[in-house]
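Some notes on the structure that comes next.
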Amino acid sequence: ETVLTVSSWVPQTHFIYTDILLPYADSVAKATEGRVTLNIMPAPLGSPPQHFELARTGVADITWGNFTYEPERFAALWFAEFPFVGTDAEASSVALWRTFEAHLADNPAFDGVEMLGVGLFGGGQIHHGSKPVITPEDMANQKVRIGGPIQARIMESLGAVPVAAPATKAYELLEGGVIDASLHSVESVMNFRLEESLKQHTIVPDGLYDSSFFIVMNEAKWQSLDEADRTAIAAVSGEALSRLWGQQFNAQHEKAMALFTEGGHAFNEPSADLMAAITAVSDKMIADWTVAATAAGVADPAAMRADYLAAYAELSAK
Amino acid sequence: MQFAHMIRRTVETVLVCLMSAMVALTFADVIGRRLFGTPIFGAHDLTEHLMGLLVFTGLPLVTLAAMHLKVDLFDKCLLHPRFAWWLKMTTLVTAMVFAVMAWTLLGKAMNAATFSEVSQGLNIPRAPLYGWMAACAALTALAALYTAFAPPISNAHDQEELL
Amino acid sequence: MAAVILLAFLRVPLGIALMTVSLAGLTYITSSTTALTLFPMTVSEAVLSYDLAVVPMFILMGNIISRTGIAQDLFRSANAYLGSVRGGLSLATMVTCAGFGAVCGSSYATAATMAKVAYPSMRRYGYSDGLAAATIAAGGTLGILIPPSIILVIYGIITQTNIGDLFVAGVLPGLLGLALYMLAVVWVAWRSPDQAPKGESSSWRDRIASLRGIWPFLFLFGLIIGGLYADLFTATEAAGIGAGMAVLVGFLHGRLTLKMLRTVILETAYTSISLYVVLFGAMMLSKLLTMSGLSVGILGLVEGMGLTGYWLILAIILICLVLGCVLDSMAIILIFVPLFAPVVSAQGFDLVWFGIIVVVVTEIALITPPVGMNVFVLKAVLPHVPVLRIFRGLVPFIAVDLVRLGLLVAFPAISLWLVTHV
Ligand code: NA
Ligand code: NA
């Protein structure tokens with residue numbers, strides 16, 4: 001009987017804990033007939049950016065986190081956070097998993113861990129505290145909280161002033177007047193209790209950016225399991241876990257949309273000019289990334305990105 | 001001795017600059033944002049790095065002055081010459097802990113270089129910072145060893161200046 | 001746990017004792033590789049935390065305020081009104097602590113500042129060093145309940161509770177704490193008059209004149225409280241602004257020279273560094289507790305006993321009080337709040353109210369032996385006062401703290417009334 005320790009950095013009330021990690025732990029226990037169980041520790045063993053390293057070094061057996069918390073290390077995955085990767089989290093998460101399997105599974109950046117699943121959150125959007133954001137002029141000189149280098153670059157190119165801070169700080173920053181707007185998925189506006197402060201939502205079709213996540217296990221620990229158990233766990237992980245991830249983010253998105261609609265929030269559509277500006281920065285980032293991804297050991301970055309988009313189009317059409 | 005004193009004054013000046021920089025940064029960030037609508041991008045990043053530099057750069061001096069927080073409930077009996085060997089032991093334990101810290105931080109520095117670990121906002125590489133922290137922790141271990149065989153070098157002259 | 005206490009008692013520096021025991025414990029329950037990997041990660045997590053970087057800035061503000069005589073003036077003014085009563089200097093210290101707590105988010109900074117401001121006066125008038133130091137250690141804890149408060153910010157983030165509500169909820173319990181502490185001082189002064197002799201009484205003219213000296217305090221108070229409530233800056237930024245403004249006011253007041261500033265900053269740096277070393281240890285210990293499953297075991301115990309309603313709250317309070325003897329308040333918040341908050345919330349309790357209860361419990365933890373961080377902060381500032389005597393002096397204050405805790409549990413309105421009516 002093996003107990004795998006899991007380090008998670010969201011509160012135990014968060015849906016990633018209750019609706020993704022707990023059900024996954026159940027399905028692992030069921031698949032292995034109780035031979036392998038997951039012990040999710042009550043407090044994280046490190047800061048969020050340290051979670052990949054916690055699993056790789058085997059301090060915890062399983063962790064999850066955001067790839068771009070370590071931007072240089074996972075340059076290969078930037079494409080998944082660029083504009084227009086899709087707002088159907090289930091389709092995008094599964095598409096990312098298939099892309100990872102086909103192009104990245106052997107990349108040295110992932111040495112030392114067994115990837116159990118990947119996920120996206122279904123499109124980040126602009127949420128403003130006081131005014132509708134529709135045209136490029138509306139974005140000019142707005143102080144916007146961002147959570148990573150890709151979001152920072154998009155904001156700079158739109159003439160906004162990026163303020164780097166974790167999403168957990170958004171409430172304090174809004175209350176303190178440090179920022180005018182904040183970038184989040186619709187779901188996280190609700191889950192970080194920002195619905196009273198952010199009532200103007202600008203919804204970019206297919207998303208302004210995204211956030212890519214991993215759920216990983218220490219490689220040595222994975223190899224130490226019986227082959228039968230590995231097979232059983234693999235069956236409930238990989239695409240299945242990525243799908244569970246996306247489904248739960250979609251469910252939260254629906255819940256948030258219902259709440260905001262009821263609360264009389266405004267949903268704004270970006271103007272053609274604003275869309276053109278976003279497309280322009282997106283194209284520039286893709287060009288730069290192609291060089292960076294090649295350096296990071298991806299054989300054909302353009303083909304990888306095309307495969308992802310094709311898989312997303314196919315999955316989201318269903 | 002003159003030379004040692006000079007080094008100390010220099011390190012102290014560095015500490016003062018680091019601390020002042022932290023305050024000035026927050027101050028400028030808030031003022032810039034409020035009055036001119038331009039916050040300093042990555043002010044949090046810089047503050048974090050300054051804090052890392054500050055804590056570790058000053059650590060050898062704090063240890064040399066034996067300023068670590070201690071519980072002195074049983075001082076009456078422990079300060080008796082009979083227990084001098086034990087007090088020497090405590091400084092050896094301190095030296096050992098900092099030596100381990102230095103060694104593991106060095107490993108972390110090399111790791112950070114391999115995986116290009118950078119800060120969140122400004123992408124400042126972390127490896128040099130961890131390397132510096134490792135070096136300072138090593139010096140701290142030496143400082144702890146020094147206090148095992150000689151009286152601590154306090155900063156009494158500063159306190160006199162204050163009075 | 002016992003090993004930490006033993007090593008600490010045997011004069012191993014506290015942070016070193018915590019680190020040694022945590023490393024040994026982690027090696028025992030996992031492996032040396034794990035322990036040695038987690039060690040540098042935890043150390044860098046601590047020094048690279050913006051939330052913690054605020055603490056030295058709050059300490060600096062406190063040091064400048066005390067060095068430039070701003071806190072002194074406040075203390076003098078409070079003393080002009082209260083000094084003639086038996087135990088008056090102690091009472092004035094308490095009032096000044098509360099006032100200082102309103103411009104400062106950390107109990108350490110409050111205690112460290114007041115140690116410099118009030119301790120010399122109390123000794124001059126023949127107060128026992130036990131009472132003098134205990135007054136400051138206890139008064140310092142008011143700093144984390146009266147807003148702004150670093151601990152409440154962190155609680156709010158962990159439990160996703162509105163930080164503004166938490167700040168408002170802390171006001172009345174903070175004032176209640178002040179009132180009860182003052183009662184405790186009066187009681188001590190009445191029981192053993194030799195510990196707290198009468199000070200000199202002041203004429204009404206002096207009293208009014210003393211008010212003129214407190215403009216720098218009122219300015220900083222207005223700036224920070226006003227800035228926070230007018231949303232000019234966040235609670236964490238208040239630290240940097242406060243420190244910067246204190247420097248400016250000091251220069252304007254003509255009481256700060258460059259040479260002094262250098263010394264004050266250096267002193268702040270040293271104090272902060274020695275606190276960080278303890279913090280490294282406390283964070284390592286909390287990792288050990290998490291990995292050892294002790295915290296889950298405790299939760300299982302509570303659930304296993306089938307505790308509901310106020311019995312549950314009582315059990316949590318007892319557990320935190322006991323652990324508060326050895327853990328620092330940040331560690332209690334970080335380890336046990338994530339554990340208990342969901343259970344408490346599921347039982348229908350208000351998390352804002354629970355936050356205030358938890359903070360009061362951690363305030364008590366700051367002054368209970370053997371590991372009372374406020375006492376150690378005092379010790380760092382006043383090296384010659386024996387720790388044991390401070391702890392003995394703290395007994396009446398811990399007693400009234402328990403009374404306050406009981407009142408807050410019995411009457412949630414004390415915490416929540418302002419929240420619903422502001
Ligand atoms: Na306060
Ligand atoms: Na305690």
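The values are calculated or read from the model by the stated rules, or taken from the named source; none is laboratory data. All of these numbers come straight from a predicted model, not from anything done at the bench. No Cβ is skipped: glycine too gets one built from the backbone with ideal geometry, and neighbour counts run over all protein chains shown.
Structure values in brief
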| item | result |
| --- | --- |
| Qualifying residue in the range C:272-291 (condition: among the small types (Gly, Ala, Ser), away from ligand 2 (no atom under 15 Å from the Cβ) and within 14 Å of chain B (Cβ to nearest Cβ)) | yes |
| Selection count, the range A:261-313, where residues are touching a residue at least 24 places away in the same chain (Cβ under 8 Å), part of a helix (DSSP H, G or I) and either within 14 Å of A:Leu158 (Cα to Cα) or of a type in the set (Asp, Glu) (or both) | 12 |
| Of all residues making up the range B:25-46, the number that are among the hydroxyl-bearing types (Ser, Thr, Tyr) and buried (at least 24 other Cβ atoms within 10 Å of the Cβ) | 1 |
| Qualifying positions in the range C:103-155 - more than 14 Å from chain A (Cβ to nearest Cβ), in a loop (DSSP other than H, G, I, E, B) and near ligand 1 (Cβ under 9 Å from one of its atoms) | C:Val103, C:Cys104, C:Ser106, C:Leu145, C:Ile146 |
| Qualifying position, being in contact with a Ser or Thr (Cβ under 6 Å, 6 or more places away or on another chain), among the β-branched types (Val, Ile, Thr), in contact (Cβ under 8 Å) with a residue 60 or more places away in the chain and more than 9 Å from ligand 2 (Cβ to nearest atom), among C:Ile356, C:Ile390 | C:Ile356 |
| Selected residue (criterion: surrounded by the most Cβ atoms within 10 Å (Cβ to Cβ)) from residues of the range A:139-155 that are facing another protein chain (nearest Cβ under 9 Å) and of a type outside the set (Gly, Ala, Ser) | A:Ile146 |
| Residue selected from the range B:51-84 under the condition modelled with pLDDT of 80 or more and more than 8 Å from chain C (Cβ to nearest Cβ), by the criterion farthest from B:Pro151 (Cα to Cα) | B:Leu53 |
| Residue list for the range C:75-98, filter: closer than 19 Å to C:Asp206 by Cβ, within 15 Å of ligand 1 (Cβ to nearest atom) and touching a residue at least 60 places away in the same chain (Cβ under 8 Å) | C:Val95 |
| Boolean, C:Gly355 is modelled with pLDDT of 85 or more, assigned to a helix (DSSP H, G or I) and either buried (at least 24 other Cβ atoms within 10 Å of the Cβ) or within 17 Å of the chain's Cα centre (by Cα) (or both) | yes |
| The range A:176-219: number of residues that are touching a Pro at 6+ places or on another chain (Cβ under 6 Å) and part of a loop (DSSP other than H, G, I, E, B) | 2 |
| Residue in the range A:36-48 that is touching a His at 6+ places or on another chain (Cβ under 8 Å), more than 17 Å from A:Asp210 (Cα to Cα) and buried (at least 24 other Cβ atoms within 10 Å of the Cβ) present | no |
| Restricting the range A:1-59 to residues that are β-branched (Val, Ile, Thr) and farther than 30 Å from B:Asn111 by Cα, the residue that is nearest to the other protein chains (Cβ to nearest Cβ) | A:Thr13 |
| Residues within the range A:1-44 that are within 24 Å of A:Pro71 (Cα to Cα) and either assigned to a helix (DSSP H, G or I) or at pLDDT 90 or above (or both), tallied | 4 |
| Sole residue being within 16 Å of ligand 1 (Cβ to nearest atom) and under 30 Å from C:Pro412 (Cβ atoms), chosen from C:Ile241, C:Ile316, C:Ile333 | C:Ile333 |
| Among the candidates C:Ala111, C:Ala118, residue that is buried (at least 24 other Cβ atoms within 10 Å of the Cβ) and within 16 Å of ligand 2 (Cβ to nearest atom) | C:Ala111 |
| Among (1) touching a residue at least 60 places away in the same chain (Cβ under 8 Å); (2) away from ligand 1 (no atom under 16 Å from the Cβ); (3) away from chain B (no Cβ under 14 Å) - the single one C:Pro342 does not satisfy | (1) |
| Count of residues meeting criterion [touching a strand residue (DSSP E or B) at 6+ places or on another chain (Cβ under 9 Å) and either aromatic (Phe, Trp, Tyr) or surrounded by fewer than 21 Cβ atoms within 10 Å (Cβ to Cβ) (or both)] in the range A:205-225 | 9 |
| Filtered residues of the range C:365-402 (kept if facing chain B (nearest Cβ under 9 Å), more than 25 Å from C:Asn63 (Cα to Cα) and under 17 Å from the mean Cα position of the chain (by Cα)) | C:Pro369, C:Pro370 |
| Among the candidates C:Phe336, C:Phe251, C:Phe233, residue that is of a type outside the set (D, E, K, R) and at pLDDT 80 or above | C:Phe251 |
